[in-house]
1. Of the residues that make up the stretch 36-49, is at least one in contact with a Leu (Cβ under 6 Å, 6 or more places away or on another chain), outside any strand (DSSP E or B) and without any contact (Cβ under 8 Å) to a residue 40 or more places away in the chain?
2. Taking only pairs six or more apart or across chains, which ones have beta-carbon atoms under 7 Å, a first residue in the stretch 359-374 that is at positive phi, and a second residue that is open to solvent by less than 70 Å² (accessible area, probe 1.4 Å) and assigned to a helix (DSSP H, G or I)?
3. Which of the residues that make up the stretch 104-137 are modelled with pLDDT of 95 or more and out of contact with any strand residue (DSSP E or B) (no Cβ under 8 Å at 6 or more places or on another chain)?
4. Against the conditions (1) under 28 Å from Gln86 (Cβ atoms); (2) open to solvent by 10 Å² or more (accessible area, probe 1.4 Å); (3) of a type outside the set (S, T, N, Q); (4) not in a loop (DSSP other than H, G, I, E, B), where does Arg296 fall short? Just the number, please.
5. Any residue at all in the stretch 27-34 that's part of a helix (DSSP H, G or I) and either touching a Phe, Trp or Tyr at 6+ places or on another chain (Cβ under 8 Å) or without any contact (Cβ under 8 Å) to a residue 12 or more places away in the chain (or both)?
6. Within the stretch 351-394, which residues are surrounded by fewer than 19 Cβ atoms within 10 Å (Cβ to Cβ), modelled with pLDDT of 90 or more and either in the same structural domain as Gly302 (by TED's automatic domain parsing) or within 27 Å of Val305 (Cα to Cα) (or both)?
7. Considering the stretch 232-274 alone, what residues qualify as being open to solvent by 50 Å² or more (accessible area, probe 1.4 Å) and closer than 19 Å to Glu4 by Cα?
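The values are calculated or read from the model by the stated rules, or taken from the named source; none is laboratory data. All values reported here derive from a predicted model rather than from experimental measurement. Cβ coordinates were reconstructed from backbone atoms using ideal geometry, including for glycine residues, and neighbour counts include every protein chain displayed. Note: accessible area is taken over every heavy atom of the protein model, side chains too, but ligands, DNA and RNA are not part of it. Shrake-Rupley method; radii C 1.70, N 1.55, O 1.52, S 1.80 Å.
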Amino acid sequence: MSFELAKHWPETFRHAKKHSPFYRELFRGLKGVPTLPTLPTTDKKTLSERNLDFLCVPRQRIAEIVTTSGTTGKPLLWMLTENDVQRLAVNEKISFTCAGVTARDTVLVAVAMDRCFIAGLAYWQGLRELGCTVVRVGASSALLVLEMIERLQPTAIVAVPSFLRVIADKARETKFDLKNCSVKKAICIGEPIRDHAFQLNPSGHAIESAWGAKVFSTYGVTELANSLCECAAGVGGHLHDEQLYLEILDDAGNAVADGEVGEIVATTFGVEAMPLIRYRTGDCAALFSKKCKCGRTTPRLGPIVGRKNQKLKLKGTSLFPSTLQMVLESTGGVEQFVIIARAESELCDAIEIVICGDVTTTTLREAIQARAKIVPQIRQASRAEIEKLQLPPDARKRRTFVDLR
Ligand SMILES: [Zn+2]
């Protein structure tokens, strides 16, 4: 058993069992503190169905509420106490330190700060904790980012890779010399920049070459209020083992060997509001325990190589088809629809929604953006075309989600 596990596990177990209605029920009858791997796992489905049964504190102690995709069609609510927000700040501080960011850096936070996302909040808190100068440029205007680069000479940027590429395109268009700009580090969230051999993928290469900056991959999960960021060696995100314990499990639920790919299953340490024990993230990756070139001895999580189920991953967020289905079903005027998922890259799907009915694509896009936090491609088609997509000759039943990944 690792030092941090031995140190934090008993308190984590007791807190969850005593205060969370879900865990009280799950662990009923257990005496003492059981060994972690002997306990059952939970997943997003249970989290969605029993959402507030995971809450361990009275509502008046909640400082921040964020959301992430659920499985019931409604976003999952995730709550943090003031101490949880501070834990988040410390986590991001360690992550940014890992990427070599220091108090002397001026950092552009080019991710959404609103729409109930945790990411913007986490980065902002962490950079402030680290003592950096933070510029919350957001993710809506490439021109604003370029203007701030010119006026403030920032040294680092946090963004989704696809947005970094949009900014690079805008720089080319406006003859802005991005390659020689002040930004030397790009912390990349939500989309892969490496393949599973840790080599930069085309997106990672494109960003490094356009920006003249080094890219750092970071992986985070809202419910864990935690992220793992690469160091300069670029061989996996370093785990903050005083805050999080990871197991990598195979389909049968057994631990895989060091360096083998399996599902990431996490247990949070030090969380007050919504602690999680053996939570199946649905993401698959490998964990490496060998000491890193940077000298850190904490385990490293390799690139996410796949998903366990239908979860759609899109530009820094993820959602289930049911979320889109629910929006489409509840928007007036939509008569027929089909959602098509295609693989854009290993970790990013392209979603096309084909509809017919008396509704404009603008109205629908706004409804989807408000409730699913994505901006999909929407196309009007004839009823006949949609029915053909819903019921191809080889299908046994009509479907509104077509997985072509
Ligand atoms: Zn390292």
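1. Yes.
2. Every condition considered, no pair remains.
3. Arg104, Gln125, Gly126, Glu129, Leu130, Gly131
4. (4)
5. Filtering the stretch 27-34 down to residues part of a helix (DSSP H, G or I) leaves none.
No, that holds for no residue.
6. Listed by number, the residues that qualify are Glu352, Gln377.
7. Glu242, Tyr245, Ala255, Asp258, Gly270
Okay, residues lined up against (1) outside the structural domain of Ala350 (by TED's automatic domain parsing); (2) within 20 Å of Glu191 (Cα to Cα); (3) surrounded by fewer than 19 Cβ atoms within 10 Å (Cβ to Cβ):
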position: Ile118; (1), (2), (3): yes, yes, no
position: Gly126; (1), (2), (3): yes, no, no
position: Ala142; (1), (2), (3): yes, yes, no
position: Arg151; (1), (2), (3): yes, no, yes
position: Ile157; (1), (2), (3): yes, yes, no
position: Asp169; (1), (2), (3): yes, yes, yes
